[in-house]
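Here is the structure we will look at.
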Amino acid sequence: MTQGSKHLTQSHLMQFTGTEKWYRHSLAPGVLYTDGARYLAEQGGAYWLLDSIAIAQKFSTAVAGEDFQLWKLTVENDRTALLACEDGNGRRIYAQAIDYTDFPLPEIKLYFTNGVILLPSEY
């Protein structure tokens, strides 16, 4: 993680209300992400987070079967984390324990819909 990533805040992310450019995910070419998701990945040192969401689309039938997904990363004080995916109605369909992360925020939510990873403010 770069030194600049420590300055990532929820208010920075709330400034994204749409996207001007789409980015194609290199590991899952059918997955796109927005300006806001790219900013999050760059400033938070979290391209791994986009990777996890994109890869789940390919290898989890439960995830791939949902048109709308709410992804939530929750970071604990000991720097472990849980990445969970819900169907938008509060039903968890996927979870991944993370042994260590230096992600700077205690929690982040992302949406995945229509093949695109985006911030909630961009929806």
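The values are calculated or read from the model by the stated rules, or taken from the named source; none is laboratory data. It should be emphasised that the depicted structure is a prediction, and the values quoted were computed from it without experimental measurement. So basically every Cβ, Gly included, is an ideal-geometry build from the backbone, and we count neighbours across all protein chains shown. Calculation scope for accessible area: heavy atoms of the full protein, side chains included, ligands and nucleic acids excluded. Shrake-Rupley method; radii C 1.70, N 1.55, O 1.52, S 1.80 Å.
Brief remarks on what is shown
- Each Cα pair under 8 Å and six or more residues apart adds its sequence gap; the mean of these over the residue count of the stretch 39-123 is a relative contact order of 26 percent.
- Correct option for Kirkwood radius over Cα pairs in Å [calculated from the coordinates] among [x] 17.2; [y] 14.4; [z] 16.0: [y]
- Percent RCO, i.e. relative contact order, over the stretch 1-91, from Cα pairs under 8 Å lying at least 6 residues apart: 20 percent
- Secondary structure note: in the chain, about 90% of the DSSP beta bridges are antiparallel.
- Relative to one another, the C-alpha centroids of the stretch 63-123 and the stretch 17-50 are positioned 14 Å apart.
- Whole-number accessible area per residue in Å² for the chain, which is evaluated in the context of all protein chains at 1.4 Å: 55 Å²
- Dipole moment magnitude, nearest 20 debye, the chain about Cα centre, only Lys, Arg, Asp, Glu C-beta charged: 120 debye
- Heavy-atom accessible surface of the chain: percent carbon and sulfur, 1.4 Å: 49 percent
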